[in-house]
Amino acid sequence: MKINEILKRREKGVSFEFYPPKTQKGRLALSNTVDLLNKYNPLYVSMTYGAGGGSQEQTKDAVSMLLDYKDLEVMPHLTCIGSCEKDIKKILDGYKAQGIENIMALRGDPPAGQSDFNFIAKDYSYASDLVRTLKQYNHFSVGVAVYPEGHIESSSLEKDMEFTKKKVDAGADFAVTQMFFDNSYYFSLLERMKKNAISLPVLPGILPLTDVEKVKQFAAICRTTIPLDITMKMEEFRHNPAEMEKIGIDYTIKQCLDLIKNGAKQIHFFTLNKPDIITAIIDGIQ
Ligand code: FAD
């Protein structure tokens, strides 16, 4: 079923994002993760796609693995940067033949070390171009990424919203946010979207805050703020990872409860293929 339909029908629920495993051990970990999280009857599950085509085959394999779970709605991510239309359509034809009805349409990032990458030299410059290709199929429900604190390349929140509107106007059906740790950014994003007459479901993307040092590195790349009080609290326990994780999980539970209290009833989890942490959080918010 198309995710935009699921989001209309089910007012409350969670969705899970996985990444494609590279090894046999990783494949076992992924199937264990899916088995354990399936009990929450997710709205849908999604599989990330390597930037610059790094893990295209791994994504396709992992998507096929998810399709074995007949009760799951599966959404592959697809990036378009550096791709030509012929290759993108080949991938989409394959997904359509497998019965996939949902795609997360992303631009992706340039290959590492190519700071002078020419974004407009290929068939696809932005995610909005990929949304347009997807809509030609008249088959896929299309998700796009949105950024509570603005995308790192955006010169201002206004510009960020201007380009977000372009990708929504191209036909996006729903959006998932970049991670954020301060809910006020999410609610401000919703306000900005409303002011710009952008109306589509926006699932808050939640990354459990468990290893503060790792999340700090990732957050710096994505321009995501980690509130100082929780950073300091967790850093106190840098030599006690179990306690640090517990503090982080408690923080994420509170963050989700606050989202729910303020109207966000559908939450997307970046699982990092770690079921125990996600289980602890979902059990904590029920
Ligand atoms: P776009 O929407 O194209 O925006 C990119 C930048 O270009 C923004 O700064 C935007 O403001 C600007 N822009 C857009 N249109 C125009 C225009 N017409 N003119 C000028 N500027 C413009 N990456 C992966 O590689 N694989 C994944 O699976 C993956 N999954 C993700 C899931 C989520 C929920 C999120 C939030 C991100 C994910 N990413 C993934 C990361 C994403 O690819 C990067 O954030 C990337 O830098 C931007 O992708 P986008 O689709 O948001 O790009």
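Summary of computed values
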read-out: Rg to Rh quotient for the chain, alpha carbon positions, Kirkwood Rh; value: 0.94
read-out: Cut-off 14 Å between beta-carbons: net charge of the residues surrounding residue 65, Lys and Arg +1, Asp and Glu -1; value: 0
read-out: Around residue 151: net Lys/Arg minus Asp/Glu count, Cβ-Cβ under 12 Å; value: -1
read-out: Accessible carbon and sulfur surface of the range 3-285 relative to its total accessible area, %, 1.4 Å; value: 52 percent
read-out: Choice from 180, 140, 237 with maximal GNM fluctuation in the chain (Cα, 10 Å cutoff); value: 237
read-out: Other-chain or far-sequence residues with amide H under 5 Å of residue 273's (modelled H); value: 19
read-out: DSSP-assigned coil residues among GluC sites (Glu not before Pro) in the range 90-168, each with at most 15 further Cβ atoms within 10 Å; value: 153
read-out: Average Cα contact separation per residue, the range 3-285, under 8 Å, 6 or more apart, as relative contact order %; value: 19 percent
read-out: Accessible area expressed per residue, the range 3-285, with surrounding protein chains retained (probe 1.4 Å, Å²); value: 48 Å²
read-out: Of 167/194; 2/89; 8/135; 194/274; 60/90, those spanning more than 23 Å from alpha-carbon to alpha-carbon; value: 194/274
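The values are calculated or read from the model by the stated rules, or taken from the named source; none is laboratory data. Model, not experiment: these values are computed from the prediction. All Cβ positions, even for glycine, are placed from backbone atoms using ideal geometry, and neighbour counts span all protein chains on display. Remember, those area values only see protein heavy atoms, side chains included, never the ligands or the DNA or RNA. Shrake-Rupley method; radii C 1.70, N 1.55, O 1.52, S 1.80 Å.
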